[in-house]
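Heads up: the structure comes next, in structure tokens.
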Amino acid sequence: MARKYSVLEQELKYIDTQGLLRKPKLIEGPIGPRVSIDGRETLLLCTNDYLGLANHPSVKRAAKEALEKYGAGAGASRLVSGTLAVHGELEAALARLKQTEAAIAFGSGYLANIGVITALVSERDGIYSDELNHASIVDACRLSRAEVKVYPHADTRSLEGMLAGSGVFRRRLIVTDGVFSMDGDIAPLSELARLAAEFDCHLMVDDAHATGVVGPGGKGTASHFGLEGGIDIQMGTLSKALGSYGAFVAGSRELIDFLVNRARSFIFTTALPPASAAAALEALNVIEREPERRERLWRNASFLREGLASAGFDVGLSETFVIPVIIGDARECVAMAEALLREGAFAQAIRPPSVPEGASRLRVVPTAEHEPGDMDFALDAFLRAGKRCGVI
Ligand SMILES: Cc1ncc(COP(=O)(O)O)c(C=O)c1O
């Protein structure tokens with residue numbers, strides 16, 4: 001074998017010895033509360049399709065109609081071949097949801113975070129980032145070349161000390177997940193907003209896991225805290241509770257015009273496919289029409305979180321529908337996921353680098369589509385697998 005490939009093989013072997021090798025499972029058929037894995041019906045407990053909208057009839061219909069009307073792809077960057085009507089309609093609806101002057105769509109959440117952060121701050125600037133922020137924020141911070149100060153998770157007192165003590169920057173940005181993707185707790189946004197105002201910083205919240213599901217009407221973390229006008233930059237995804245693909249940033253007209261001109265991951269990449277935009281637009285309508293979906297999600301989450309905790313599992317800081325079952329060691333975490341799968345339920349083993357060393361976990365997520373019987377089934381499966389693996 002050529003040396004260039006043997007180096008990769010060695011690296012893969014090393015990853016495997018650490019219990020960190022990843023191989024996506026093949027899901028046969030659509031995402032739903034139950035899926036087929038290796039020909040066996042399995043309870044799915046790890047999708048971000050929180051409201052079950054990826055398969056909602058009117059969402060799929062909207063995507064099909066857009067496919068017929070606009071074609072399969074957007075053709076180019078919007079700065080090259082223009083904005084399709086459906087992009088504009090989606091952005092207007094997102095700005096309404098977030099109660100901001102404007103919004104801009106991106107190809108994905110990863111691209112949105114890269115685009116906003118690298119546009120806003122660079123060499124002479126400072127970023128204050130929660131230690132548990134999503135990898136796309138971490139990568140954006142690195143790419144920006146700003147000085148990055150990582151504050152302990154949700155620790156606003158430490159952050160205040162860092163803000164008061166740090167040197168002179170041209171601009172400063174505080175950035176946080178709204179709902180933390182692997183821990184399921186909600187950022188202390190009121191306190192962050194107070195600090196941003198006091199120290200004249202931009203404040204950005206990544207609402208990938210909050211848009212459509214947190215706060216009144218699913219408007220997100222800002223709304224959950226009654227801070228609608230108080231957050232400069234609200235990023236969100238179309239790929240999780242909205243069941244589609246893509247992302248957006250909502251904020252002032254000035255911010256959005258700035259991003260159109262400066263966000264490289266908006267400028268130098270093909271626009272969101274029209275069918276994805278149309279699906280997300282219809283998902284926003286469904287979220288307004290069917291609030292009971294959000295209620296079912298939160299009810300299932302409370303039931304499962306409380307059941308797991310009282311059975312002796314460590315569910316960490318979770319206060320939402322993202323429920324970590326913290327195992328610690330990566331190999332033991334994989335063993336627990338496999339035991340759970342044998343019991344008929346699939347929750348992914350999340351290991352470093354997605355979570356810190358020694359904090360491997362199953363990321364358990366119920367959806368609005370799960371029936372109460374599914375939650376009983378999940379708890380029974382966890383109990384049996386947990387006992388067999390010595391976790392409880
Ligand atoms: C908090 C957070 N931000 C951003 C992203 C990236 O979003 P996308 O999957 O649309 O690239 C994710 C998704 O995994 C996420 O959890």
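Structure data summary
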| quantity | calculated |
| --- | --- |
| Ala140 of a type in the set (A, V, I, L, M) and within 24 Å of the chain's Cα centre (by Cα) | yes |
| Selection from the range 1-33 of residues that are touching a residue at least 24 places away in the same chain (Cβ under 8 Å) and either closer than 25 Å to Phe377 by Cβ or part of a helix (DSSP H, G or I) (or both) | Lys25, Pro30, Ile31, Gly32, Pro33 |
| Check on Gly75, away from the ligand (no atom under 16 Å from the Cβ) and at positive phi | yes |
| Flag if Lys64 is within 27 Å of Val213 (Cα to Cα), out of contact with any Pro (no Cβ under 9 Å at 6 or more places or on another chain) and surrounded by 15 or more Cβ atoms within 10 Å (Cβ to Cβ) | no |
| Filtered residue count, the range 97-139, keeping only those that are assigned to a helix (DSSP H, G or I) and loosely packed, with under 14 Cβ neighbours inside 10 Å | 1 |
| Hits in the range 1-59 - residues which are more than 28 Å from Ala210 (Cα to Cα) and of a type in the set (A, V, I, L, M, F, W, C) | Met1, Ala2, Val7, Leu8, Leu12, Ile15, Leu20, Leu21, Ile37 |
| Single residue of the range 205-246 satisfying the filter (assigned to a helix (DSSP H, G or I) and farther than 21 Å from Arg194 by Cα) that is nearest to the ligand (Cβ to nearest atom) | Gly218 |
| Residue in the range 321-328 that is of a type outside the set (D, E, K, R), touching a Cys at 6+ places or on another chain (Cβ under 6 Å) and not in a helix (DSSP H, G or I) present | yes |
| Search result, residues across the range 46-60 that are assigned to a helix (DSSP H, G or I) and in contact (Cβ under 8 Å) with a residue 12 or more places away in the chain | Ser58, Val59, Lys60 |
| Lone qualifier among Ser166, Ser122, Ser158 - being within 21 Å of Val249 (Cα to Cα) and either without any contact (Cβ under 8 Å) to a residue 60 or more places away in the chain or of a type in the set (Gly, Ala, Ser) (or both) | Ser122 |
| Sole exception among (1) in a loop (DSSP other than H, G, I, E, B); (2) modelled with pLDDT of 95 or more; (3) exposed (fewer than 15 other Cβ atoms within 10 Å of the Cβ) for His370, by number | (3) |
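The values are calculated or read from the model by the stated rules, or taken from the named source; none is laboratory data. On a predicted model such as this, the values are computed, not experimentally measured, just so you know. All Cβ positions, even for glycine, are placed from backbone atoms using ideal geometry, and neighbour counts span all protein chains on display.
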